[in-house]
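Participant: This is the structure I have questions about; it appears just below.
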Protein chains: 4
Amino acid sequence: MTRGPHRSESSRRAILESAGALLLQHGWSGLTVEGIAAHAGVGKQAIYRWWPVKSGIIADALAEGALLPSLHETPDSGDVLADVTAWLVEVAQLLGVPGRSDLIRSLLGAAVENEQVAAALGERLGAAPSAVAGRLSRAIESGELPPDVPVQLMTEALIGAVLLRVLSREPFEAGDARDLAAVMLGQRR
Amino acid sequence: MTRGPHRSESSRRAILESAGALLLQHGWSGLTVEGIAAHAGVGKQAIYRWWPVKSGIIADALAEGALLPSLHETPDSGDVLADVTAWLVEVAQLLGVPGRSDLIRSLLGAAVENEQVAAALGERLGAAPSAVAGRLSRAIESGELPPDVPVQLMTEALIGAVLLRVLSREPFEAGDARDLAAVMLGQRR
Amino acid sequence: MTRGPHRSESSRRAILESAGALLLQHGWSGLTVEGIAAHAGVGKQAIYRWWPVKSGIIADALAEGALLPSLHETPDSGDVLADVTAWLVEVAQLLGVPGRSDLIRSLLGAAVENEQVAAALGERLGAAPSAVAGRLSRAIESGELPPDVPVQLMTEALIGAVLLRVLSREPFEAGDARDLAAVMLGQRR
Amino acid sequence: MTRGPHRSESSRRAILESAGALLLQHGWSGLTVEGIAAHAGVGKQAIYRWWPVKSGIIADALAEGALLPSLHETPDSGDVLADVTAWLVEVAQLLGVPGRSDLIRSLLGAAVENEQVAAALGERLGAAPSAVAGRLSRAIESGELPPDVPVQLMTEALIGAVLLRVLSREPFEAGDARDLAAVMLGQRR
DNA sequence: CGCTAACCGAGACGGTACGTCGGGTCTTGTT
DNA sequence: AACAAGACCCGACGTACCGTCTCGGTTAGCG
């Protein structure tokens, strides 16, 4: 075992939660290490010691679920279109919460500087193997979708469409979710 | 009429070009007004006078084509899939140039802070009415596509997929372009 | 003439005065650039721009008389002992003011790091050619003192004795002044 | 009785020696507790436990002779001038060693913050009753000097002159030592 | 054709935040 | 109980840029 003092779990959590709260309030460009430290009641060095790069804090906060709620597990009703639609509608609802869109845009800002944030954001929104990506794969296995469907590309197109809406400050509503799912999967039923 | 000298065109161009060069070199987070002014041989005030917000410079540079080359006009061969594929392949080639992907990621960073940049970036990549979006609309008019195809969503999905690849630092190659176009339009031929 | 903005005289004075006030309050080891800047209502850069080394501020403040009052010009009554005694008594009175001794001790701290401070402090206390050092030289010229008297060493011994008292936190009073003058010049009358 | 290990003598010595070495290298303002701890292979707490104030380490190191060599005992040949001159010449030689002057200047820095350092430094240089101060007292007792000679002031003037030279970065050489002794005691032979 | 106001370069200014250093305290496991 | 190691909160460091401002100088175009 290593001797001496160990990393303080309470500080770690306070930092992640403060980072989340301040990211929501001030956006990515307004997020400062100094602000996080003050809000968390922590010294700056306690941050720099463990996160040499600021965006790393966001990556961790995102991965721990301190920023975005978890989506429900994508269901498997046997009907891909229905399942994907359900997921996309849930994403649309997620975006419907006031401020959520701004938060995700801020996360995009962090993702630009940090690959981990990009990956974590993608996974949170459905790129995880346990989510849509997985559902599509299973659809191929079950013969519901032809084997040549590029699962990753399709997932990226779905999430990318949502994020592009976020970027352009336009809403992405349940109707859009249904249309998008339909146009990408509908004819294959 | 206003007296005295008017806005210096040479300064304006020097600023936009310097902004582009420095964005490429240092990324969005490393782009500073002071750096642009020094590189352009211009006073800081000459920048603040005309662009109160830094990201506005990027929006203008982008709109003037100082950052990304223009894509060819999307052709209209009568075959939507072929035309969309051609466009998407061109986008893939654009991304293949070394550093281009980083540049676009930097532009995403600016787009997070500035809606104009987001819009300009979208247009540059194909969301302009004269580009893919327009081609899809015409396909509906000509009956090549059913009238209920959501043109905007489809365009967003196509561009979004590309941008998500940029965000996750993965290549988007010609093969991906073809697969993506096929999966979204193929079965409608 | 140089173009552009010029050095702000008001900032310069505010900095010197703040430095003096804070040196008096907190001592040399408690003097911070940040504190000076805040007290003077000035940005830190305005200090670092002109004084790369903190002790330089003290040197300037001292040279401008913002820290210690000027001594009277050493008189020339024709009696060296009387004149030197008068000066030394004045120095003793200077030290008698509450806090003055602490201030001079602080100045010694700065002098350790900066030769200019040492020089300015010496001059303020009598090493200037116009002060005791000069008076002693004139005494040699007039035959009042033998020509082999080492003026500089004698001046240093006089001031050094005073400063050593300051260093050891013991008072240097008028009686000491008279005794010291007498023991160094008395027998030569 | 206290249980467990008592104060580690080896740590104590390592700390004092490291403090001396680092004071010589980096000066008083560059001397850090952390640096001493690292150099001595000791935990910071082992320092703070025994020396609540940093300058106390210097005071101890000085008192133990870890910083300056001991001067010879001031001789008593029956000739005060000769004896004082001998001492002062030895002080001049002490200062002649490269780096010695810087070290003493650093000690002055510590003395500004800590009276013990000031006292210890004075004693090391001759203010101890066993050194010059004592020799002068004995000279009065033996009638070699008149009884009204202020021994302390004279000692302070001698040492003060030397320290002022140190402060102003000028050498104090054997010739200065002889001149100074002569001017202060010469005529009393 | 000369005035004068808007623009220009340069860069100092009051600020905020950066990332680092060190101070002094506290915690952990070892001796 | 003292030790080494080192994490902790905190304050200051010296630097980089922000956006504003103040300089001299240099053009227009209007009077």
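The values are calculated or read from the model by the stated rules, or taken from the named source; none is laboratory data. Treat the numbers as computed from the prediction; the structure is a model and nothing was measured. Here the Cβ is made from the backbone with ideal geometry for all residues, glycine too, and neighbour counts use every protein chain on show. Please note that ligands, DNA and RNA were not included when accessible areas were found on the heavy atoms of the full protein model with its side chains. Shrake-Rupley method; radii C 1.70, N 1.55, O 1.52, S 1.80 Å.
Participant: Would you compute, from DSSP H runs of 4+ residues alone, the mean residue ellipticity of chain B at 222 nm, taking -39500 (n - 2.57) per run and dividing by the full residue count, rounded to the nearest 500?
Facilitator: The helix contribution divided over chain B gives -20000 deg cm²/dmol.
Participant: Treat every Asp and Glu Cβ in region A:80-188 as -1 and every Lys and Arg Cβ as +1, leave all other atoms uncharged, and give the resulting dipole magnitude about the Cα centre to the nearest 20 debye.
Facilitator: 160
Participant: With unit charges on the beta carbons (Lys and Arg positive, Asp and Glu negative) and the dipole taken about the Cα centre of region C:75-124, which residue among C:84, C:99, C:121 sits farthest to the positive side?
Facilitator: C:99
Participant: Give a residue-ordered list of calculated ³J(HN,Hα) values for region A:66-79 (Karplus: 6.51 cos²θ - 1.76 cosθ + 1.60, θ = phi - 60°; whole Hz; x for Gly, Pro).
Facilitator: Each residue of region A:66-79 in turn: 7, 10, 10, x, 6, 6, 5, 4, 4, x, 9, 8, x, 10 Hz.
Participant: Name the residue from B:110, B:136, B:152 whose Cα lies farthest towards the positive end of the charge dipole of region B:80-188, charges +1 on Cβ of Lys and Arg and -1 on Cβ of Asp and Glu.
Facilitator: Working it through, the farthest residue towards the positive pole turns out to be B:110.
Participant: Also, I was wondering about something else. Total Å² of accessible surface buried at the A-B contact, 1.4 Å probe, nearest 100?
Facilitator: Separately minus together, A and B give about 2900 Å² buried.
Participant: Dipole of the protein assembly as shown, Cα-centred, from +1 at each Lys and Arg C-beta and -1 at each Asp and Glu C-beta, to the nearest 20 debye?
Facilitator: 300
Participant: To the nearest 20 Debye, how big is the dipole of region D:1-123 about its Cα centre, given +1 on the beta carbon of each Lys and Arg and -1 on that of each Asp and Glu?
Facilitator: Charge dipole of region D:1-123: 880 debye, to the nearest 20.
Participant: Cα centroids of region C:133-164 and region B:37-80: how far apart, whole angstrom?
Facilitator: So the separation of the two Cα centres works out to 76 Å.
Participant: Taking each residue of A:24-31 in turn, how many C-beta atoms of other protein chains fall within 10 Å of its C-beta, and what is the average?
Facilitator: Mean shielding by partner chains, rounded to a whole number: 2.
Participant: Would you mind giving the mean number of other chain beta-carbons within 10 Å of the Cβ of each residue in D:166-173, as a whole number?
Facilitator: Across the residues of D:166-173, the mean count of other-chain Cβ atoms within 10 Å is 4.
Participant: Around residue C:95, under 13 Å between beta carbons, what's the net of Lys plus Arg minus Asp minus Glu among the other residues?
Facilitator: Neighbour charge sum, excluding residue C:95 itself: 0.
Participant: Per residue of C:176-185, count partner chain C-beta atoms within 10 Å of its C-beta, then hand back the mean as an integer.
Facilitator: Across the residues of C:176-185, the mean count of other-chain Cβ atoms within 10 Å is 4.
Participant: Quick check: net charge around residue C:161, other residues with Cβ under 14 Å of its Cβ, Lys/Arg +1 and Asp/Glu -1?
Facilitator: In short, -3.
Participant: Based only on Cα atoms, what Rg/Rh ratio does region A:9-63 have, Rh being taken as Kirkwood's radius?
Facilitator: 0.90
Participant: While we're looking at this one, here's another question. Over chain B, calculate the relative contact order: mean separation of alpha carbon pairs under 8 Å at least 6 apart, over the residue count, as a percent.
Facilitator: About 24 percent, as a whole number.
Participant: For the pairs B:44/C:44; A:54/D:44; A:44/D:54; B:54/C:54, flag any whose C-alpha to C-alpha distance is greater than 28 Å.
Facilitator: Cα-Cα > 28 Å for A:54/D:44; B:54/C:54; rest within.
Participant: I would also like to ask the following. Taking the dipole about the Cα centre of region B:9-63, with the C-beta of Lys and Arg at +1 and of Asp and Glu at -1, give me whichever of B:47, B:32, B:20 is farthest to the positive side.
Facilitator: Highest projection toward the positive end goes to B:47.
Participant: Shifting gears a bit: For the protein assembly as shown, what does the convex hull of the Cα positions come to per residue, in cubic angstrom?
Facilitator: Hull volume over Cα atoms, normalised by residue count, gives 246 Å³.
Participant: Sort C:102-111, B:23-32 by the packing proxy (mean of other Cβ within 10 Å over each peptide's residues), most packed first.
Facilitator: Those peptides, ordered most packed to least, come out C:102-111, B:23-32.
Participant: How big is the accessible area of residue D:53 in square angstrom, nearest 10, if you roll a 1.4 angstrom probe over the protein chains?
Facilitator: 80
Participant: Taking H as built 1.01 Å from N, whose amide H comes closer than 5 Å to the amide H of residue A:71, not counting residues under 5 places away?
Facilitator: For residue A:71, no residues qualify.
Participant: Cβ under 14 Å from residue B:172's Cβ, residue B:172 left aside: what net charge do those residues give with Lys, Arg +1 and Asp, Glu -1?
Facilitator: -2
Participant: How far apart, in nanometres, would the label points at residue B:26 and residue A:50 be if each is projected 7 angstrom from Cα along the Cα-to-Cβ direction?
Facilitator: Here the modelled spin labels are 3.2 nm apart.
Participant: Express in % the proportion of alpha carbon pairs of chain D at distances exceeding 26 Å.
Facilitator: Here the tail beyond 26 Å accounts for 39 percent of pairs.
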